[in-house]
Amino acid sequence: MGKPVLVKSSLMGATIANCPNTGSPPTPCTSVLGVFSGESRKLRSGGFPVVLDRISLTTNGSVPVPPVLTPAANQSKLSSE
């Protein structure tokens with residue numbers, strides 16, 4: 001069995017810890033509502049696009065610019081079996 005990869009469905013509804021938005025007017029972001037960039041056009045896992053090393057997403061919090069996250073890539077090469 002290979003190493004796990006991140007796909008969009010794994011992020012939807014995911015809890016966000018340590019959001020820097022506190023107090024009013026910013027509303028703390030506590031969960032992921034949508035992923036709108038960062039999915040591979042070619043690589044798939046279980047039929048779903050693999051999320052690459054830079055993603056943009058929307059949250060339930062109020063932030064002026066959609067956050068861009070850089071997940072730690074624990075592998076640099078994907079292969080199929």
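Throughout, read-outs are computed from the coordinates displayed, never taken from laboratory work. What you are looking at is a predicted structure, and each value in this text was computed from that prediction instead of being measured.
Around the amide H of Leu43, modelled in the peptide plane, lie the amide H atoms of Val50, all under 5 Å away and 5 or more residues distant in sequence or on another chain. Rounded if a/c is under 1.5, else prolate if a/b is larger than b/c, else oblate: which is the range 14-57, with a ≥ b ≥ c the root eigenvalues of its Cα gyration tensor? Prolate, since a/c reaches 1.5 and a/b exceeds b/c.
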